[in-house]
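Following: one structure in structure tokens, then a few remarks.
The values are calculated or read from the model by the stated rules, or taken from the named source; none is laboratory data. None of the values given here were measured: they were computed from a predicted structure. Cβ placement follows ideal geometry from the backbone for every residue including glycine, while neighbour counts extend to all protein chains displayed.
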Amino acid sequence: MAKRRKGPGSNGADDHPDARTCHWPGCERQIPPHYWACAEHWAALPKRLRDRVARAYRPGQEIDKQPSREYIRTAQEVHHWMVEHDIR
């Protein structure tokens, strides 16, 4: 039996009760709430953006729904990049 990958790009949502969809526009893949995107779309982001998301993320913000202003600004920047590049 293969081991399941863990981390921001793995997709362990099938056994997570609060799974949500990937942030990528049009992607319907289910991911755990503390992930930004599914593995494919996380890998599609430039490393500089992945690093900014990781730096701005505060563990537990997906639970208390209180992301920092930096995280929100980063999320907006990443969203604009995704729309501009329209990688499917």
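List of remarks:
- Tally of residues being among the charged types (D, E, K, R) and surrounded by 17 or more Cβ atoms within 10 Å (Cβ to Cβ) across segment 30-76: 2
- Subset tally (residues that are part of a helix (DSSP H, G or I) and of a type outside the set (D, E, K, R)) for segment 45-88: 18
- Among the conditions (1) more than 10 Å from the chain's Cα centre (by Cα); (2) outside any loop (DSSP other than H, G, I, E, B); (3) modelled with pLDDT of 90 or more, ASP14 misses just one, which is (3).
- Being farther than 24 Å from ASP18 by Cβ and either at pLDDT below 95 or not aromatic (Phe, Trp, Tyr) (or both) holds for only one residue in ARG73, ARG55, ARG50, and it is ARG73.
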